[in-house]
């Protein structure tokens, strides 16, 4: 019975920026639960590598390379997805990031702000707008946005532009949950803390000494950094039947770190 509650057999899921890191971990988790997973990304090599890895495990996957910030590319990609899969039940808006823009507010240009707005917010807005008619027609849907601890509590390691746009994604989540709940659609946001992707490991190694990194870990109640699986399993729950009464929620996945800050 428990396995049935988390089964995604017969469902189609789309994960943006899903060829590496968090997105790949989420895609793998949903595929293992039986979903046919579409991964959209801008990295050809990573997409092909991920497809080979999934297929070697007998998992079903579709891949597509595209520029996620281009509205026309999004429209065409979605039309292809529906043409090939006929339906969509799950959307994970994972695309985002700080794009190496300055951390200091006074050094952030209008261009820095607009780049982050396009990637973190408008990609989510445009793609969600594309998929919702299908979900409304189905009277069922699961949307999970990837937010950030920074978007809720601020950060010493991210700029004001990143913090603000993630905060906007959080607010969008709440509003969409209110508007589309009557159609059987849930909308939630997962807000990770420091998750040990290869990119984050590299950033921490370049910015903190081993002693500083250990000091940070000692301030986390569970005494460790987060792993990709911590986020992936949270998303798996939110897209399952068991989470049907959870919507408009911002789910912290940070080991309780906010309690110690």
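Every number in this text was worked out from the coordinates using simple rules, so none of it is lab data. Worth saying up front: this structure is predicted, and the values here are computed from it rather than measured. Using ideal geometry, Cβ is built from the backbone for each residue, glycine included, and neighbour counts are taken over all protein chains shown.
Brief remarks on what is shown
- Relative to the longest principal axis of the Cα atoms of the chain, helix 71-85 runs at roughly 50 degrees.
- Counting only DSSP H runs of at least 4 residues, each contributing -39500 (n - 2.57), and dividing by the residue count of the chain, the helix-based mean residue ellipticity at 222 nm comes to -14500 deg cm²/dmol.
- Nearest 10 degrees, 0 to 90: helix 123-138 Cα axis against the chain principal axis: 30
- Once the Cα gyration tensor of the stretch 60-119 is diagonalised, semi-axes √(5λ) in Å: 32, 12, 9
- The C-alpha atoms of the chain define a longest principal axis, and helix 160-180 lies at about 30 degrees to it.
- Largest-first principal axis extents of the Cα set of the stretch 2-260 (Å): 51, 42, 39
- Estimated FRET transfer efficiency (residue 106, residue 56; beta-carbon r; R0 41 Å; 0.05): 0.25
- Distance between modelled label sites at residue 44 and residue 73, nm, 7 Å Cα→Cβ extension: 1.3
- For the pair residue 179 and residue 218 in one chain, pulling the backbone fully straight at 0.36 nm per residue adds 9.9 nm over the alpha carbon distance.
- Residue ranges 61-68, 32-39 sort as 32-39, 61-68 when ordered by packing (mean number of other C-beta atoms within 10 Å per residue, highest first).
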